[in-house]
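Read-outs throughout are calculated quantities, based only on the coordinates presented, and are distinct from any laboratory measurement. The structure presented is a predicted model; accordingly, all values stated were derived computationally and were not measured. With ideal geometry, Cβ positions are generated from the backbone for all residues, glycine too; neighbour counts draw on all protein chains shown.
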Amino acid sequence: MPWEGVTIMDQRVRFISEYLEGYFPVAEICRQFNISRKTGYEWLTRYEKYGALGLEDRHRKPKKCPHKTETRIVNSIKYYRSKHPTWGPKKILALLEKRHSDWKNPAESTIAGILKREGFQSAGSDESILGVRQRLQQSLIKSGQQIIKDSSRC
């Protein structure tokens, strides 16, 4: 017969039942269950407020992010970049400041992050430089010129 493990929920229910029996103080029960008193009191409060459902694990993800860039600003950045694909964060920020001076415009690095997150390739990225090199090499090969590699660079 395989071993049966004790789930976290089982441990919390046992903790509550020990407390409700009233034989030991909370501090002693917390020592028995190897948890801090703060956690023990938290479980008790949640049990009193929500019943057994209050003992379940809660989501740790915050419900909102106070410093998140506003949707209208993100949409404007995406719009300006789609209209001007070669513009980088600096030019887009200058345009935002000019056209929307009343907005709380983000930093240049934030605009760069938004462009990257939204899938816009930045104008100075390695991919675009690599693309230029490849196109140059292909045009030289087609024209019959020899490509000389710089041996001083590694």
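Of PHE120, PHE24, PHE15, how do they rank once you tally other Cβ atoms within 10 Å and put the fewest first?
Fewest-to-most Cβ neighbours within 10 Å comes out as PHE24, PHE120, PHE15.
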- Query: Taking the Cβ of ARG72 as the center, what net charge do the other residues with Cβ under 14 Å away carry, scoring Lys and Arg +1 and Asp and Glu -1?
  - Reply: +2
- Note on the structure: For the GLN32, LYS63 Cβ pair and Förster radius 30 Å, calculated FRET efficiency rounded to 0.05 is 0.30
- Length gained when the stretch SER82-ASP10 is fully extended (0.36 nm per residue, less Cα-Cα span): 20.5 nm
- Task: Answer with one residue from SER17, THR110, TYR50: the one whose Cα lies farthest towards the positive end of the charge dipole of segment 1-117, charges on Cβ with Lys, Arg +1 and Asp, Glu -1.
- Result: THR110
- Sorting CYS65, CYS30 on the 10 Å Cβ count, fewest up front, what's the list? CYS65, CYS30
- Message: With θ taken as phi - 60° and the coefficients 6.51, -1.76 and 1.60, list the Karplus ³J(HN,Hα) couplings across segment 75-92 in order, rounded to whole Hz; mark glycine and proline as x.
- Response: 5, 5, 4, 5, 5, 5, 5, 5, 6, 10, x, 8, 6, x, x, 5, 5, 5
- Residue-ordered couplings for segment 13-29, obtained by feeding phi - 60° into the Karplus form 6.51 cos²θ - 1.76 cosθ + 1.60 and rounding to whole Hz (Gly and Pro as x), are 5, 5, 4, 5, 5, 4, 5, 5, 5, x, 7, 10, x, 4, 4, 5, 5
- Task: For LYS98 paired with LEU140, estimate the spin-label separation in nm (one decimal), with each label point 7 Å from Cα along the Cα-to-Cβ line.
- Result: 3.8
